[in-house]
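Data block below; observations after.
The values are calculated or read from the model by the stated rules, or taken from the named source; none is laboratory data. This structure is a prediction, so every number in the text was calculated from the model and none was measured. Here the Cβ is made from the backbone with ideal geometry for all residues, glycine too, and neighbour counts use every protein chain on show.
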Amino acid sequence: MKNRLVVVGNGMVAGRVLEHLLASAPDAYQITVFNAEPRVNYDRIMLSPVLSGEKTYADIIIHDDDWYAERGITLHKGQKIIAIDKVMKTVTSVDGTITAYDKLLIATGSSPIVIPVPGHDLPGVLTYRDLDDVEAMFASAAKGGRAIVIGGGLLGLEAAAGLMARGMAVTVLHLMPTIMERQLDTTAAFLLQREFETRGIKVLTQADTKAILGTERVEAVELKDGSLLPADMVVMAVGIRPNVALAREAGLAVDRGIAVDDGMATSDPDILSVGECVEHRGVCYGLVAPLYEMARVVAARLAGNHQAIYAGSTTATKLKVTGIDLYSSGDFSEGVDREEIVLRDAAGGIYKRLVIKNDQIIGAVLYGDTRDGAWFFDLLKRGADISGMRDTLIFGQQYAGGSPLDPMAAVAALPDDSEICGCNGVCKGTILSAIATQHLANLGDVRSHTKASASCGSCTGLVEQLLTLSLGEAYKPATVQPICSCTELGHDDVRRLIAVKQLRTIPAVMQELEWKTSAGCAKCRPALNFYLLAKWPGQYRDDSQSRFINERVHANIQKDGTYSVVPRMWGGMTNARELRAIADTVDKFSVPAVKVTGGQRIDLLGIRKEDLPAVWADLNAAGLVSGHAYGKALRTVKTCVGTDWCRFGTQDSTGLGIRIEKFMWGSWTPAKVKMAVSGCPRNCAEATCKDVGVICVDSGYDIHFAGAAGLDIKGTEILCHVDTEDDALEMIVALVQLYREQGRYLERIYKWAKRTGIQTIKDQIVEDAEKRKMLFDRFVHSQSFSQNDPWAERVAGNQAHEFRPMADLAFEGIAQ
Amino acid sequence: MNAQPTTAQGTEWIDIGRLDDIPQQGARTVRTPDGDIAIFRTRDDQVFALWDRCPHKGGPLSQGIVHGHAVTCPLHNWVISLENGEAQGADNGCVHRLRVKVEAGRVFLEGAACPAKAA
């Protein structure tokens with residue numbers, strides 16, 4: 001019979017213990033977990049991006065319900081343990097259930113401190129610890145108003161940034177003269193405070209809270225100097241206290257935290273403890289990296305390895321606020337026995353300070369440029385003698401020893417035990433050996449096998465360099481074509497990094513990916529705009545100033561600066577009313593040229609820009625909408641008449657074409673998409689040279705794709721055959737969505753297909769019904785935000801300034 | 001709309017509108033009897049004025065994508081510097097600049113000092 005392991009608490013550290021334990025001794029224990037929170041294990045560190053809206057709760061779940069079920073672990077959600085009987089070796093939960101254990105692990109974490117000033121229990125006073133807190137903040141923030149965050153430490157500042165992203169007016173109160181005084185020296189604190197103030201967050205230092213005022217809920221905060229600050233929400237972020245009550249009542253040795261030895265055992269040998277609730281060698285930790293190291297030791301001990309010890313940790317901190325680069329480690333207080341090396345670049349907003357004692361780095365603070373954080377931290381932890389590189393030390397690893405600026409040389413030179421992933425404590429050697437022995441081929445593999453870059457993601461670049469180091473050309477294509485001269489990165493890199501680094505705006509992309517120019521260029525800005533739109537539908541705000549003129553004004557610019565207007569003609573079908581409206585518009589605006597296009601619709605050429613809104617208004621009135629003739633978007637679905645009229649028609653090709661066009665119009669794509677539906681294999685709609693084509697046959701529909709009839713001429717490939725119209729639509733939509741997610745900007749479907757491989761595409765769309773459905777749903781979701789008639793929006797007055805001069809100088813004075 | 005010149009210390013500055021009437025990384029036009037003038041506003045809120053005619057084939061620079069202190073002409077992608085009107089890279093050509101300033105959130109174009117547009 002297996003030994004019984006009971007775990008009190010289901011936070012990130014408890015989860016990590018279980019992972020290690022199951023990896024080394026999967027059959028050793030029957031495991032039961034009690035979680036006071038009513039949920040699974042999630043990444044609490046990532047609550048900051050959830051608060052700011054950059055991630056959702058679903059994104060940060062670490063172990064879902066299936067994970068526990070698959071491993072035979074019983075998880076009791078929402079069942080707080082209220083008593084431990086270490087003599088009888090049982091625990092009692094809040095509903096009265098008694099559970100016996102052979103080994104017990106206490107992982108009760110810590111609770112946020114609430115300063116006991118009058119009014120601290122008014123509604124509207126929140127802490128910032130778990131998902132419930134974040135949801136309470138959402139609810140309050142939804143009403144707008146002012147938030148006061150008490151506590152200008154790591155957590156308080158992240159809360160402030162998150163609430164500001166949610167639209168609240170935020171003020172931070174901090175007791176000490178400088179913010180984050182545990183991690184930063186005064187200069188770095190000054191730079192950080194200035195950055196926050198630039199973003200619109202007020203920061204008051206030496207602000208001592210006297211009381212929180214309000215009758216039914218929070219209304220204001222009163223400081224000891226007498227000032228009154230109005231507030232609709234108050235967030236307490238003044239520190240955490242280990243949750244030790246349970247252990248103390250059970251008779252275990254407790255100081256500030258639950259006392260544990262180097263084997264993570266409490267004063268009772270059958271009870272271990274881990275995480276924020278413990279005190280080890282007098283230290284209580286609040287950062288994840290040391291806690292994950294403890295977790296490893298706990299698991300080893302539970303698995304029977306009595307050599308495993310935890311000896312304490314040196315820690316480094318990173319602030320998780322998008323756009324702020326801040327890294328600090330070690331001891332950087334001032335003193336007579338130490339010296340410092342400082343680099344300041346005021347214009348660049350960069351500050352770096354190393355504290356040296358006995359030729360060793362004992363502390364480092366980096367603001368604005370944190371690329372060398374890992375390297376300095378490695379030197380600090382190893383106690384390396386830096387006397388040989390004093391002169392260039394502050395400039396970072398590139399310059400140590402005068403090596404050339406080769407990014408691969410930097411990572412190649414790191415010793416094997418240097419820590420690449422700080423969150424999960426994964427060193428270079430571990431990653432390299434995992435790549436080699438487990439044949440890992442990409443970032444996803446490394447993440448799932450080693451956990452490196454699986455938490456906060458900021459070491460992803462380094463991990464990718466290690467993959468390149470190990471696999472060389474097998475990992476990347478021989479040459480990566482950069483998007484433009486503003487960057488070395490190619491389209492695929494940028495798309496991936498946008499997802500991985502959660503980049504939400506063009507400036508964020510340019511900053512995080514180190515663009516060489518301040519504002520990009522006409523090549524990369526439209527590409528980034530599309531990539532962000534495709535990745536974050538409904539969340540990313542389209543940047544019209546990064547769209548080519550045609551898309552910006554929804555009409556095609558001609559050589560003389562006039563525009564052409566092409567209303568949509570669904571499936572190439574029209575009627576007298578539409579034709580009359582078009583003819584009337586031609587007369588009214590004296591349109592010089594009227595042309596029938598290859599896309600089976602009518603083009604009005606030579607329209608002056610300032611007349612566009614009026615032309616659209618008249619066309620809209622007749623029920624005509626934009627044909628997107630100008631866009632990297634769905635252009636047309638051409639048809640030939642099918643069973644409605646044609647003696648050879650096998651299916652209702654016109655009906656299907658109209659249905660597809662009405663479903664898919666308005667979506668943005670990497671490059672233009674042209675489709676056609678032919679009613680029989682005679683193919684009068686020329687479907688076999690289109691991006692996507694349908695040939696109707698007696699038994700159903702043959703779906704074609706990857707044709708070209710422009711600069712290149714190429715016949716289509718066959719994707720598959722389907723029997724029904726519904727299936728045809730699903731197949732086509734899923735294909736286009738896959739293209740939207742993987743294609744490079746300006747790359748037509750036929751080029752994407754050649755690069756990706758026809759079979760690979762078929763595997764994902766045709767063979768994998770589940771993935772096809774998911775792609776379909778993602779397209780529908782995206783469409784809910786983008787299927788709008790831009791003409792109608794302009795007619796309604798949206799950004800009318802685009803179509804009018806700002807001034808008209810009617811007199812002669814301007815040009816002599 | 002008509003704009004009246006105001007004289008200050010001998011130069012004629014014409015109030016053409018508010019800075020906020022110009023989108024950042026964008027442009028608006030000022031119509032004159034001799035053609036349009038493009039007024040550009042960069043991301044760092046600097047304002048430049050060029051004749052709205054690309055030195056290549058006369059394309060409307062005001063319609064181009066603005067990046068840093070340059071604009072890319074929408075017709076054939078020539079990149080024109082907003083600071084001196086010169087075509088960048090391998091292209092040769094120049095468009096005349098006009099003097100423009102911003103005061104108290106309003107944009108002023110210099111009247112009398114405008115040279116005739118370049119050929």
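Considering B:Arg53, B:Arg43, which residue is in contact with a Gly (Cβ under 9 Å, 6 or more places away or on another chain) and within 23 Å of A:Leu809 (Cα to Cα)? It would help to see each step written out before you state the result.
Values: B:Arg43 fails: within 23 Å of A:Leu809 (Cα to Cα).
So the residue among B:Arg53, B:Arg43 that is in contact with a Gly (Cβ under 9 Å, 6 or more places away or on another chain) and within 23 Å of A:Leu809 (Cα to Cα) is B:Arg53.
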Flag for A:Ala23 being among the hydrophobic types (A, V, I, L, M, F, W, C), within 23 Å of A:Leu131 (Cα to Cα), out of contact with any Asp or Glu (no Cβ under 6 Å at 6 or more places or on another chain) and not in a strand (DSSP E or B): no
Checking A:Leu204 against (1) among the aliphatic types (A, V, I, L, M); (2) under 23 Å from the mean Cα position of the chain (by Cα); (3) surrounded by fewer than 18 Cβ atoms within 10 Å (Cβ to Cβ), the condition it does not meet: (2)
The one condition in (1) surrounded by 24 or more Cβ atoms within 10 Å (Cβ to Cβ); (2) under 22 Å from A:Lys751 (Cβ atoms) that A:Lys672 fails to fulfil: (1)
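Run down B:Val71, B:Val66 and say which single residue is facing chain A (nearest Cβ under 8 Å), crowded, with 16+ Cβ neighbours inside 10 Å and at pLDDT 95 or above. If you could, list the steps in order and put the result at the bottom.
Details: B:Val71 fails: facing chain A (nearest Cβ under 8 Å).
Answer to the selection: B:Val66.
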Test set (1) within 14 Å of another protein chain (Cβ to nearest Cβ); (2) on the phi > 0 side of the Ramachandran plot - A:Gly757 fails condition number: (1)
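Inspect the range A:680-687 for any residue being touching a residue at least 12 places away in the same chain (Cβ under 8 Å) and not in a loop (DSSP other than H, G, I, E, B) and give the result as yes or no.
Residues of the range A:680-687 touching a residue at least 12 places away in the same chain (Cβ under 8 Å): A:680-687.
Remaining after also requiring not in a loop (DSSP other than H, G, I, E, B): A:687.
Yes, that holds for at least one residue.
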Out of A:Asp768, A:Asp726, A:Asp808, A:Asp763, sole residue that is within 14 Å of chain B (Cβ to nearest Cβ) and either under 30 Å from B:Arg28 (Cβ atoms) or of a type in the set (Asp, Glu) (or both): A:Asp808
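Residue-wise test of (1) within 14 Å of another protein chain (Cβ to nearest Cβ); (2) not in a helix (DSSP H, G or I).
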{"position": "A:Gly520", "(1), (2)": "yes, yes"}
{"position": "A:Leu528", "(1), (2)": "yes, no"}
{"position": "A:Ala534", "(1), (2)": "no, no"}
{"position": "A:Gly538", "(1), (2)": "no, yes"}
{"position": "A:Glu551", "(1), (2)": "yes, no"}
{"position": "A:Asp560", "(1), (2)": "yes, yes"}
{"position": "A:Gly571", "(1), (2)": "no, no"}
{"position": "A:Glu578", "(1), (2)": "no, no"}
{"position": "A:Ala583", "(1), (2)": "no, no"}
Qualifying position, being within 22 Å of the chain's Cα centre (by Cα) and outside any loop (DSSP other than H, G, I, E, B), among A:Leu155, A:Leu104, A:Leu126, A:Leu192: A:Leu155
Any hit, the range B:74-82, residues being more than 9 Å from every other protein chain (Cβ to nearest Cβ), within 19 Å of A:Pro526 (Cβ to Cβ) and surrounded by fewer than 18 Cβ atoms within 10 Å (Cβ to Cβ): yes
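Touching an Asp or Glu at 6+ places or on another chain (Cβ under 9 Å), crowded, with 22+ Cβ neighbours inside 10 Å, without any contact (Cβ under 8 Å) to a residue 12 or more places away in the chain and within 22 Å of A:Ile113 (Cβ to Cβ): does that describe A:Ala237?
Details: touching an Asp or Glu at 6+ places or on another chain (Cβ under 9 Å): yes; crowded, with 22+ Cβ neighbours inside 10 Å: yes; without any contact (Cβ under 8 Å) to a residue 12 or more places away in the chain: no; within 22 Å of A:Ile113 (Cβ to Cβ): yes.
Against the criterion (touching an Asp or Glu at 6+ places or on another chain (Cβ under 9 Å), crowded, with 22+ Cβ neighbours inside 10 Å, without any contact (Cβ under 8 Å) to a residue 12 or more places away in the chain and within 22 Å of A:Ile113 (Cβ to Cβ)), A:Ala237 does not qualify.
If you go through the range A:26-45, how many residues are of a type in the set (Gly, Ala, Ser) and in a helix (DSSP H, G or I)? Outline the logic, then answer.
So in the range A:26-45, the residues of a type in the set (Gly, Ala, Ser) come out as A:28, A:36.
From what is left, the residues that are in a helix (DSSP H, G or I) are none.
Of the residues in the range A:26-45, 0 are of a type in the set (Gly, Ala, Ser) and in a helix (DSSP H, G or I).
For the condition under 18 Å from A:Arg740 (Cα atoms) and of a type in the set (A, V, I, L, M, F, W, C), what is the one hit in A:Val673, A:Val697, A:Val677, A:Val615? Before the answer, list the steps.
On the way: A:Val697 fails: under 18 Å from A:Arg740 (Cα atoms); A:Val677 fails: under 18 Å from A:Arg740 (Cα atoms); A:Val615 fails: under 18 Å from A:Arg740 (Cα atoms).
Exactly one of A:Val673, A:Val697, A:Val677, A:Val615 is under 18 Å from A:Arg740 (Cα atoms) and of a type in the set (A, V, I, L, M, F, W, C), namely A:Val673.
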Residue satisfying condition, being modelled with pLDDT of 90 or more and surrounded by fewer than 18 Cβ atoms within 10 Å (Cβ to Cβ), within set A:Thr127, A:Thr92, A:Thr108, A:Thr186: A:Thr92
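Inside the range A:471-500, can you point out the residues that are outside any helix (DSSP H, G or I), at pLDDT below 75 and over 19 Å from A:Gly520 (Cβ atoms)?
If the condition is that a residue be outside any helix (DSSP H, G or I), at pLDDT below 75 and over 19 Å from A:Gly520 (Cβ atoms), then A:Lys476, A:Pro477, A:Ala478, A:Thr479 are the ones that fit.
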Any hit, the range B:51-62, residues being within 11 Å of another protein chain (Cβ to nearest Cβ), in a loop (DSSP other than H, G, I, E, B) and of a type in the set (A, V, I, L, M, F, W, C): yes
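Considering the range A:505-518 alone, what residues qualify as being of a type in the set (A, V, I, L, M, F, W, C) and either farther than 22 Å from A:Ala165 by Cα or within 9 Å of chain B (Cβ to nearest Cβ) (or both)? Give the steps one after another, and end with the answer.
Initial filter on the range A:505-518 (of a type in the set (A, V, I, L, M, F, W, C)): A:506, A:508-510, A:513, A:515.
Selection gives A:Trp515 alone.
Do the conditions hold for A:Thr56, that is, is it surrounded by fewer than 21 Cβ atoms within 10 Å (Cβ to Cβ) and in contact with a strand residue (DSSP E or B) (Cβ under 6 Å, 6 or more places away or on another chain)? Don't jump to the end; show me each part of the working.
Details: surrounded by fewer than 21 Cβ atoms within 10 Å (Cβ to Cβ): yes; in contact with a strand residue (DSSP E or B) (Cβ under 6 Å, 6 or more places away or on another chain): no.
When the stated conditions are applied, A:Thr56 does not pass them.
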Checklist (1) at pLDDT 90 or above; (2) part of a loop (DSSP other than H, G, I, E, B); (3) of a type outside the set (Lys, Arg) applied to A:Gly167, failing item: (1)
Selection within the range A:591-612 - surrounded by fewer than 21 Cβ atoms within 10 Å (Cβ to Cβ) and either of a type in the set (S, T, N, Q) or part of a helix (DSSP H, G or I) (or both): A:Thr597, A:Gln600, A:Glu610, A:Asp611
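Can you tell me how many residues within the range A:720-747 are outside any helix (DSSP H, G or I), surrounded by fewer than 23 Cβ atoms within 10 Å (Cβ to Cβ) and of a type outside the set (Asp, Glu)? Talk me through it step by step, then tell me what you get.
Here is the first cut: in the range A:720-747, the residues outside any helix (DSSP H, G or I) are A:720-724, A:743-747.
The next check asks that each one be surrounded by fewer than 23 Cβ atoms within 10 Å (Cβ to Cβ); those that pass are A:720-724, A:744-747.
Adding the requirement that they be of a type outside the set (Asp, Glu) leaves A:720-722, A:724, A:744-746.
Number satisfying all stated conditions: 7.
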Test result for A:Leu619, in a helix (DSSP H, G or I), among the hydrophobic types (A, V, I, L, M, F, W, C), within 42 Å of the chain's Cα centre (by Cα) and modelled with pLDDT of 95 or more: yes
Conditions (1) assigned to a helix (DSSP H, G or I); (2) over 29 Å from the mean Cα position of the chain (by Cα); (3) surrounded by 14 or more Cβ atoms within 10 Å (Cβ to Cβ); number of the one not met by A:Gln759: (3)
Residue satisfying all of: in the range A:509-518; in a helix (DSSP H, G or I) and out of contact with any Phe, Trp or Tyr (no Cβ under 9 Å at 6 or more places or on another chain); surrounded by the most Cβ atoms within 10 Å (Cβ to Cβ) among these: A:Met510
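Can you spot a residue in the range B:90-109 that is at the interface with another protein chain (Cβ under 10 Å from one of its Cβ atoms) and assigned to a loop (DSSP other than H, G, I, E, B)? Quick ask: steps written out before the conclusion?
Of the residues in the range B:90-109, the ones at the interface with another protein chain (Cβ under 10 Å from one of its Cβ atoms) are B:98, B:107, B:109.
Checking the rest, the ones that are also assigned to a loop (DSSP other than H, G, I, E, B) come to none.
No - not one qualifying residue is present in the range B:90-109.
Could you identify the single residue in A:Leu291, A:Leu302, A:Leu319 that is in contact with a helix residue (DSSP H, G or I) (Cβ under 8 Å, 6 or more places away or on another chain) and modelled with pLDDT under 90? Walk me through it before giving the result.
Values: A:Leu291 fails: modelled with pLDDT under 90; A:Leu302 fails: modelled with pLDDT under 90.
It is A:Leu319.
Only one of these is buried (at least 20 other Cβ atoms within 10 Å of the Cβ) and within 30 Å of A:Val298 (Cα to Cα): A:Lys352, A:Lys318, A:Lys381. Name it.
Working: A:Lys352 fails: within 30 Å of A:Val298 (Cα to Cα); A:Lys381 fails: buried (at least 20 other Cβ atoms within 10 Å of the Cβ).
Unique residue meeting the criteria: A:Lys318.
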Filter pass, A:Gln787 being within 11 Å of chain B (Cβ to nearest Cβ) and exposed (fewer than 15 other Cβ atoms within 10 Å of the Cβ): no
